[in-house]
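Since the structure comes first, as structure tokens, the remarks are kept for the end.
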Amino acid sequence: LTGVLDDCLCDIESIDDFNTFKIFPKIQKLQERDYFRYYKVNLKRPCPFWADDGHCSIKDCHVEPCPESKIPVGIKAGSSNKYSKAANNSKELEDCEQASKLGAVNSTLSNQSKEAFIDWARYDDSQDHFCELDDERSPDAQYVDLLLNPERYTGYKGPSAWRVWNSIYEENCFKPRSVYRPLNPLAPSRGGLGSVCLFSWTGLCLEKRVFYKLISGLHASINLHLCANYLLEETWGKPRWGPNVKEFTHRFDPIETKGEGPRRLKNLYFLYLIELRALSKVAPYFERSVVDLYTGNGHEDAESKALLLDIFRDTKSFHMHFDEKSMFAGDKKGAKSLKEEFRLHFKNISRIMDCVGCDKCRLWGKLQTQGLGTALKILFSEKEIQSLPENSPSKGFQLTRQEIVALVNAFGR
């Protein structure tokens, strides 16, 4: 790919250089740190839209949850958040209280501030959320070590996978220009071969074009990871994973996709720009001394925050950011209605991720969807972020540890 992306003043070569030499090495290091490698997810939530067709039985679809003993104490205790006066009466209780801090609390806060922070963390303004969030207190929610459960091709495909993406594009996406998509593999007459032109781009406003590009970019991102980390052969129980050029060509070659492949890849660059913009916008939230990346290991926590702030400085230095102010800029009533439609569409897509039959695909689908949802939440909360108090939590804008982990890992993907 070369040249300028649609709907923004940015060229592909500039993104490639910026990512390769500045961002990627640092984001890769950040993903390896304890704060960002453990993600709590419920992989047993039922599909809300159709009868579950059973979970994938392929062994590579399995996700290995993390044993309690392996989870850093500061992360594991993050959901209990109990502070009692009795905690000051003995060293053991004090240690327990220390371990029970929420993911972003500084130990120098007063008890009053701590209590306020806990209350505010529970505060759920549905207008801010673009995703259906897992209930972390559910007994079915488990911590997963993302480094030990990498995103890769597991063999999950066919009607079940097709139905998930078809539901996203057909029922929850604004209709874009002429796009060729694979036919239903269940269709009896053609046996799943060929493709069909589904949509027309005519009359679609910027916001709806952006929405479609984000979903297409997310789809391209996931497909690229599957092509890059493909099960090439399995002999005597020793699988060999690696890049599958044939599969990549099948999904992205201009001839095989009737010109659609390069568009899909361009939409991945567009997705990158949106998440990059969100990182540059959310920097003030993390620059405050009140926010720690708390795991219980003071030295590692300080290093993780320093690395994150270094990445933020890089994101701010990028000179061709997407201008989100161009969105929802019409009359106030129409813009508000469109923004709400945008949010609800995306929230529905996050719910569809519970219909993915392969656990590993579901894990990474949920994480990347939540990461993008968090990016959108940031971009639509600029005023709240700018008015954050320096030394105390704010009710106006909050990020949970789950949202932070999802945002960084989605951008890393």
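The values are calculated or read from the model by the stated rules, or taken from the named source; none is laboratory data. Here the structure is a predicted model, which is why all the values come from computation and not from measurement. Virtual Cβ from ideal backbone geometry, glycine too; neighbours counted across all protein chains shown. With ligands, DNA and RNA removed, areas are computed over all heavy atoms of the protein, side chains included. Shrake-Rupley method; radii C 1.70, N 1.55, O 1.52, S 1.80 Å.
Miscellaneous remarks
- Within the stretch 382-391, the residues that satisfy the criterion of being open to solvent by 40 Å² or more (accessible area, probe 1.4 Å) and either touching a helix residue (DSSP H, G or I) at 6+ places or on another chain (Cβ under 6 Å) or part of a helix (DSSP H, G or I) (or both) are E382, K383, E384, Q386.
- Scanning the stretch 296-322 for residues that are more than 21 Å from D17 (Cβ to Cβ) and part of a loop (DSSP other than H, G, I, E, B) gives G296, N297.
- Per this entry, E260 is not counted among residues that are open to solvent by 60 Å² or more (accessible area, probe 1.4 Å) and not β-branched (V, I, T).
- Qualifying residues in the stretch 225-250 (those that are open to solvent by 50 Å² or more (accessible area, probe 1.4 Å) and among the charged types (D, E, K, R)) - the one farthest from N149 (Cα to Cα): K246
- Some residue of the stretch 373-381 being open to solvent by 40 Å² or more (accessible area, probe 1.4 Å) and in contact (Cβ under 8 Å) with a residue 24 or more places away in the chain: yes
Conditions tested, residue by residue: (1) in contact with a Cys (Cβ under 8 Å, 6 or more places away or on another chain); (2) in contact (Cβ under 8 Å) with a residue 40 or more places away in the chain; (3) among the β-branched types (V, I, T); (4) part of a loop (DSSP other than H, G, I, E, B).
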site: L218; (1), (2), (3), (4): no, yes, no, no
site: L232; (1), (2), (3), (4): no, no, no, no
site: P254; (1), (2), (3), (4): no, no, no, yes
site: K266; (1), (2), (3), (4): no, yes, no, no
site: I274; (1), (2), (3), (4): no, yes, yes, no
site: P284; (1), (2), (3), (4): no, yes, no, no
site: Y294; (1), (2), (3), (4): no, yes, no, yes
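- Filter result for R362 (under 24 Å from S216 (Cα atoms), under 15 Å from the mean Cα position of the chain (by Cα) and open to solvent by 20 Å² or more (accessible area, probe 1.4 Å)): no
- Matching residues in the stretch 309-321 - criterion: being at pLDDT below 90 and buried (at least 21 other Cβ atoms within 10 Å of the Cβ): none
- Scope the stretch 392-413; condition β-branched (V, I, T) and either open to solvent by 10 Å² or more (accessible area, probe 1.4 Å) or touching a Pro at 6+ places or on another chain (Cβ under 6 Å) (or both); matching residues: T400
Every residue, every condition in (1) open to solvent by 50 Å² or more (accessible area, probe 1.4 Å); (2) assigned to a helix (DSSP H, G or I); (3) of a type in the set (K, R); (4) modelled with pLDDT under 85, yes or no:
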{"residue": "P139", "(1), (2), (3), (4)": "yes, no, no, yes"}
{"residue": "V144", "(1), (2), (3), (4)": "no, no, no, no"}
{"residue": "L147", "(1), (2), (3), (4)": "yes, no, no, no"}
{"residue": "R152", "(1), (2), (3), (4)": "yes, no, yes, no"}
{"residue": "S160", "(1), (2), (3), (4)": "no, yes, no, yes"}
{"residue": "R163", "(1), (2), (3), (4)": "yes, yes, yes, no"}
{"residue": "E171", "(1), (2), (3), (4)": "yes, yes, no, yes"}
{"residue": "P176", "(1), (2), (3), (4)": "no, no, no, yes"}
{"residue": "P188", "(1), (2), (3), (4)": "yes, no, no, yes"}
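- Extreme residue, surrounded by the most Cβ atoms within 10 Å (Cβ to Cβ), among residues of the stretch 49-77 that are modelled with pLDDT under 80, assigned to a loop (DSSP other than H, G, I, E, B) and in contact with a Ser or Thr (Cβ under 6 Å, 6 or more places away or on another chain): I58
- Qualifying residue in the stretch 351-360 (condition: β-branched (V, I, T) and part of a helix (DSSP H, G or I)): yes
- Scanning the stretch 2-31 for residues that are loosely packed, with under 13 Cβ neighbours inside 10 Å, in contact (Cβ under 8 Å) with a residue 12 or more places away in the chain and of a type outside the set (S, T, N, Q) yields D6, L9.
- Filter result (among the polar types (S, T, N, Q), within 20 Å of A278 (Cα to Cα) and open to solvent by 60 Å² or more (accessible area, probe 1.4 Å)) within the stretch 324-338: none
- Which listed residue, of L344, L388, L308, is in contact with a Leu (Cβ under 9 Å, 6 or more places away or on another chain) and not polar (S, T, N, Q): L308
- Residue list for the stretch 208-260, restricted to those being at pLDDT below 90, within 30 Å of L338 (Cβ to Cβ) and among the hydrophobic types (A, V, I, L, M, F, W, C): V210, F211
- Output for the stretch 323-350, where each listed residue is assigned to a helix (DSSP H, G or I), of a type in the set (A, V, I, L, M, F, W, C) and in contact (Cβ under 8 Å) with a residue 24 or more places away in the chain: L338, F342, F346, I349
- When the stretch 300-342 is filtered for residues that are more than 21 Å from the chain's Cα centre (by Cα) and either on the phi > 0 side of the Ramachandran plot or polar (S, T, N, Q) (or both), the ones remaining, listed by number, are S317, S326, F328, S337.
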